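Bear in mind these aren't lab numbers, they're just calculated from the coordinates by the rules spelled out. Because the structure is predicted, anything quoted here is derived from the model rather than measured. Every residue, glycine as well, gets a Cβ built from its backbone with ideal geometry; the counts of neighbours run over all protein chains shown.
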Amino acid sequence: MGCRVPGPLCISRSNSVTPDKQTLVRARSLPPGPTGRAAGRSQPDESHNEFWGDVKEELNEFLEGVKEEANEFWEGVKEWTVEEPLAIWTLAKLFDQWGEISHEWFWRFLAHYLTGDGEEFKEFKTVPFEWQNAIRKNWRTSQVFAVQNKYPTRYPKGKKFRIKPYDWKGLDDLTRSLGHFDLTYSKKDKKETYVIEDRYEFNYYDEMNGSLSEHGGKNVKLPKWLSEQLLRLMPRNEYKVPEGTDKGKVQKFTMKQKDEDTWDIILPTGWLQENGKPFQFRAEFSSTFHIEDYIGTFDESGFFAGLDEDDLAHDLMFLRNSNSVRKVFESLQKNHASEGKEVAEHYILGLAARQSSPKLSDLKGKTNLVDLLKSVLKDSPVVQKLSQL
């Protein structure tokens, strides 16, 4: 998708804006209304929603850290304090955009929590294949109790179980996004259905062992430009635990660098509760795979109508059945030819960049899939990577 070169985003503490020939018009450069800190908070009005719709391309450029205009924008951000709702709102937009780029739901859940008004997170409608694989494999040994019948010796169909996924290796995004969650498993006519749902919120104490919770994440991957902006924008206040066995203990925002792009991040529970709104989420998946329904979940609408090629490709990497992958690309080739080519490019480049499975060498011996990918890619230079198999 093409991008026009944006001018600087003219936002200042005084709300005064002086547009020039390449600058967004004043009506679309006004900062948003407050996100609020308590019940009854107000939301950004339509002009703010319109603002973000029109400059989404510019923000994507900014997120890559390559635009001079983005640097000028952040010069203004330096002056903000976390007490200003605009800083929190900006954080949420950063989280959401980075979540799209990194394919990590953790950031998008957090963004919805900070900007929503408690409405269900309906964007989470497709459970990533990586998560599906882990849930199918681990849920029986990771259930804490059945919600209706604690500590069962069997796994009755249609019952809701509380799942603790924290020892699932390589599933950091799942555990950071969902934490403990409810799972309902059912089976009918050989079709297995899994429904995951829960209330997304931040409590002071762990629901299982009662220990004081530290929200955020360990070994979080962040590019340099994003870590710098988070250090500028995240709260500096200290928050005392108001209740329980650790009452009076101080929590504060911390970012501890592990290596060049890896951080341990702690978000104070008090700050999260003051500035966010809990919400419900629900998604399901089954053992039956419907090609067009699956592709349709990646179909964007509105300002950027069309398939989200990058997200679709990333999800396909974790679909273990190569015949199903082949059928997806056959459908793309037939019904979404130009977008299908982009999906194939992202798919191959994504596999080539990985050191562990799924990786490009996993395609060896899967002749039908490889031949189809070559056909979809046609004259793309990416097709050369398939010749190495």
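A few comments on the model shown:
- In this rough spin-label picture, where each label sits 7 Å from Cα along the Cβ direction, the residue 123-residue 198 distance is 2.0 nm.
- Simple point charges give the picture: +1 on the Cβ of Lys and Arg, -1 on the Cβ of Asp and Glu, and for region 238-357 a dipole about the Cα centre of about 540 debye.
- Estimated FRET transfer efficiency (residue 250, residue 322; beta-carbon r; R0 41 Å; 0.05): 0.20
- For region 257-330, the set of GluC sites (Glu not before Pro) satisfying both a DSSP loop assignment and a count of at most 11 other C-beta atoms within 10 Å is given as 260.
- Beyond 13 Å, the tail of the calculated P(r) for region 203-278 holds 69 percent of the Cα pairs.
- FRET efficiency for residue 218 and residue 182, using Cβ-Cβ distance with R0 set to 30 Å, rounded to 0.05: 0.75
- For chymotrypsin sites (Phe, Trp or Tyr not before Pro), no site in region 263-299 is both called loop by DSSP and has at most 13 other Cβ atoms within 10 Å.
- Relative contact order computed over region 253-375 (Cα-Cα under 8 Å; 6+ residues apart), in percent: 18 percent
- With the simple model of a label 7 Å out from the Cα in the direction of the Cβ, residue 356 to residue 137 spans 1.0 nm.
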